[in-house]
Ligand SMILES: Nc1ncnc2c1ncn2[C@@H]1O[C@H](COP(=O)(O)OP(=O)(O)OP(=O)(O)O)[C@@H](O)[C@H]1O
Ligand SMILES: [Mg+2]
């Protein structure tokens, strides 16, 4: 795969939340580029705007001003159908809260985005089983997600994020609710999946240990984005 083409670009990206008379300026005029194959951490304190930024990159929310480009296309120009396809087929998501369906089995959760896309059940099931094996949960495929541990659920969420072979993986504080050992396992897995699946990954976190798995970091602070040096944590 060509490792150097431009995957994502933000141009003068600005987000202001308005409620009544009140305005919250989260960030203003962010400009950055993310190339294919990069693993980028977005770091910054709570409230700095990391989740807001990921929502804009995923077309889950619209910027107040500015543009996001995916493969040089303005996602702001997408039709409703193109936006849905962008979110379902181009991007895999992992959130701090796993958003899995607790009553359903691990494999049912993993393959759901694939079925929504229109894949036939047997093909989806085979790929789902492969992905569960990749995250070390082959034995848990038929278990209800509600019975799994937090770390296991995040691994199911990672498998689900990859079911539609996305180009882009967006992860928002994916280890936020985990103890240190499960967090380390999930972050190691994230890095491995990034590599093995040829992904471009954007990871929002305030955890510097987690950020160390990335190739480079961008720091959000006071409404601005700067290249950051990740301190060594031993
Ligand atoms: N829907 C909303 N309406 C109004 N303000 C919002 C909304 N969502 C977020 N904010 C505000 O925008 C700012 C950035 O929030 P955001 O959730 O993006 O930060 P974050 O960096 O992800 O924080 P955390 O590390 O706690 O997850 C905060 O001041 C927050 O209160
Ligand atoms: Mg957040």
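Every read-out reported here was derived from the displayed coordinates using simple, explicitly stated rules and does not represent laboratory data. Remember, it's a predicted structure, so these values are computed and weren't measured experimentally. Note: ideal-geometry Cβ built from the backbone for every residue, glycine included; neighbour counts use all protein chains shown.
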- prompt: Using 0.36 nm per residue, how much length does the chain from residue 88 to residue 179 gain when fully extended, once their Cα-Cα distance is taken away?
  reply: 29.8 nm
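Could you give the length gained on full extension between residue 103 and residue 22, defined as 0.36 nm per residue of separation minus the Cα-Cα distance, in nm?
Numbers: separation 81, 0.36 × 81 = 29.16 nm, distance 4.02 nm.
Between residue 103 and residue 22, full extension yields 25.1 nm more.
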query: For the Cα atoms of the chain, what angle does the longest principal axis make with the long axis of helix 106-117, in degrees from 0 to 90, nearest 10?
result: 60 degrees
message: Running a GNM on the chain with Cα contacts under 10 Å, which residue among 21, 89, 134 ends up with the highest mean-square fluctuation?
response: 21
- prompt: How many percent of the alpha carbon pairs in the stretch 121-227 exceed a separation of 16 Å?
  reply: 60 percent
task: Give me the angle, in degrees from 0 to 90, between the Cα long axis of helix 150-161 and the longest principal axis of the Cα atoms of the chain, rounded to the nearest 10.
output: 80 degrees
- prompt: Of 226, 64, how do they rank once you tally other Cβ atoms within 10 Å and put the fewest first?
  reply: 226, 64
query: Just how far, in whole angstrom, is the stretch 89-147 from the stretch 1-79 if you go by their alpha carbon centroids?
result: 27 Å
- request: Report, for the chain, the % of DSSP beta bridges that are antiparallel, rounded to 5.
  value: 55 percent
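Could you give the alpha-carbon Rg of the chain over 2.2 N^0.38 Å, rounded to two decimals? Walk me through the numbers before you get to the answer.
Working: Rg = 17.5 Å, N = 234, 2.2 N^0.38 = 17.5 Å.
It is 1.00.
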message: For the chain, set up a GNM with springs between Cα atoms under 10 Å and report which of 109, 164, 177 has the largest fluctuation.
response: 177
- request: Go ahead and set up a Gaussian network model of the chain, Cα springs under 10 Å, then flag whichever of 154, 82, 96 fluctuates most.
  value: 82
- request: Kindly express, to the nearest 10 degrees and within the range 0 to 90, the angle between helix 180-196's C-alpha long axis and the longest C-alpha principal axis of the chain.
  value: 90 degrees
